[in-house]
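Reading through the structure tokens given below for one structure.
The values are calculated or read from the model by the stated rules, or taken from the named source; none is laboratory data. From a predicted model like this one, the values you see are computed outputs, not experimental measurements. FYI the Cβ positions are ideal-geometry reconstructions off the backbone, even for glycines, and counts take in every protein chain you see. Only protein heavy atoms, including side chains, enter the accessible area calculation; ligands, DNA and RNA are left aside. Shrake-Rupley method; radii C 1.70, N 1.55, O 1.52, S 1.80 Å.
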Amino acid sequence: MQAIKILMSAYACEPGKGSEPGVGWRWAIEAAALNHEVWVITRTNNQSAIVTGVAQYGKPKNLHFVYYDLPTWASWWKRGRQGIHLYYVLWQLGAYRCARKLHAAQKFDAVHHITFGVTRHPSFMGRLGIPFIVGPLGGGERAPLILRKYYSLSSKFSDALRDLINVVSKYDPWLRQMYTQASHIYLKTPQSLDWLPQIYQHKASCMLEIGIDQRNITITEKSALTNRQQSLHVVYVGRFIDIKGMDLGLRAIAKMRANGIPVRITMIGQGPAQKDWQQLIARFKLVDAITWIPWMKQQDLLAAYQTFDLLLFPSMHDSSGNVVLEAMASGLPVVCLDLGGPAQIVNQSCGRVVLVAGLDADQVIDGLAIALTEIAKSPSIANALRTGALKRASEFSWKNVVGQVWGQHGNGYQMAIKSSTQDSDYVSA
């Protein structure tokens, strides 16, 4: 495979982190591992973490970082939730000017906007006039209105506001320019693909941006169920907020207990919905079945997965689902809803995806309880799903994920090669 020169725009890019910072870092180093020469424009704030990471893990000679940030006086915009959006757009404009100078010297074959990976946020890198890869982007996912039944009033307002912003943002001229200039657009989920205006969908496809380190795919020997009393030990990991769907998940656990199914659940995380969930647990007399654990360090969490039987993650509109991949890499089956990124990861070989189309909240609760009960009652199914989880997680190795864009058959690579060939033909003519 011919090596090419790629410029990446990664506002978030830090080694050893999850979410957007981890995505920016891993896409850069994995593209470099494919022998491409990779240059990354990122924030000056990320420099110390990158320098530390480079010292710890080593940096390929074909990977280069260029740091850019707005003037110090502009940093106060990042202190508020709304101000960060203005700061981000201004950073993108400045990063483009930086990229233009860099391109004049380096002559890149392609440019890739990788973070933030959000459908509503513009990038100006398409103005460089070379193949422009956008995404994977998420944010077009939407919780069905009927499933917001148990949301708090503030959560109902927040999701309604998000819905409105998603509608209005389709008409943002900077966004439309980005999508017009894009050579290919990657969306994380079918819901985000549906959000994309029809005029751009011919050059769009779906893939998740997250991956797993192959070294983290491990499992210890254990019986069909971890608890000696053969109780299903379920874990939830994430923020305690309504969009994570645990108001439905906890009701499903209560339904199982009422039907005589021995089940326990450990809740790992923190957030504003915890008080409401605790009241729900008291109401259903589940206090003895619940363990609460605050946030854990990543290394401790990976070890803790080995002590559970299953991950319950009924999120309403997660674009990706890092926790799902992490759990599966530890051999945990996953039960999720047919919404967002988790539904793109989980299948019948490694868990259960509970359908939501046309169903109300109580019917979805029944679906969750049925899926959990099936696994609780059948050690053979539980064992098969554990094996399937490991196999499915391996399909999301970082090498495989990044290779879908910058590997020999990836759209990004093929478009860069085609463009450079056309340029050479033009010059020789």
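Summary of computed values
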read-out	value
Taking the convex hull of Cα positions in region 114-165, its mean projected area over all directions (nm²)	4.6 nm²
Extension gain from K149 to L161, taking 0.36 nm per residue of separation minus the Cα-Cα distance	2.7 nm
Helix 411-428 vs. the chain, principal-axis angle (Cα, 0 to 90°, nearest 10)	10 degrees
Rounded if a/c under 1.5, otherwise prolate or oblate - region 130-190, Cα gyration tensor axes	prolate
Chain lengthening between N383 and V89 when straightened (0.36 nm per residue, less Cα-Cα)	101.0 nm
Per residue accessible area in Å² of the chain, where ligands, DNA and RNA are left out and the probe is 1.4 Å	44 Å²
Spacing of the two label points (7 Å from each Cα toward its C-beta) at N45 and M207, in nm	2.9 nm
Two-site label geometry, K391 and K297: point separation in nm, points 7 Å out along Cα→Cβ	3.6 nm
Angle in degrees between helix 246-258 and the longest Cα principal axis of the chain, rounded to the nearest 10	30 degrees
Region 272-321, Cα convex hull volume normalised per residue, Å³	130 Å³
Radius of gyration and maximum dimension Dmax of region 302-346, Cα, Å	9.9, 28
Qualifying trypsin sites (Lys or Arg not before Pro) for region 240-313 [loop in DSSP, other Cβ within 10 Å: at most 13]	K285, K297
Helix 274-283 axis, angle to the chain major axis (alpha carbon atoms, nearest 10°)	20 degrees
Extension gain, I261 back to M1 (0.36 nm per residue minus Cα-Cα distance, nm)	88.1 nm
Tensor-based shape of region 289-429 (alpha-carbon gyration tensor, a/c under 1.5 rounded, otherwise prolate or oblate)	prolate
Charge dipole (debye, nearest 20) of the chain; +1 at Cβ of Lys and Arg, -1 at Cβ of Asp and Glu	560 debye
Residue order for F313, F116 - accessible surface, 1.4 angstrom probe, largest first	F116, F313
Three-way shape label, the chain, alpha-carbon gyration tensor, a/c 1.5	prolate
Those trypsin sites (Lys or Arg not before Pro) in region 100-209 that DSSP places in a loop and that have at most 12 other beta carbons within 10 Å	K107
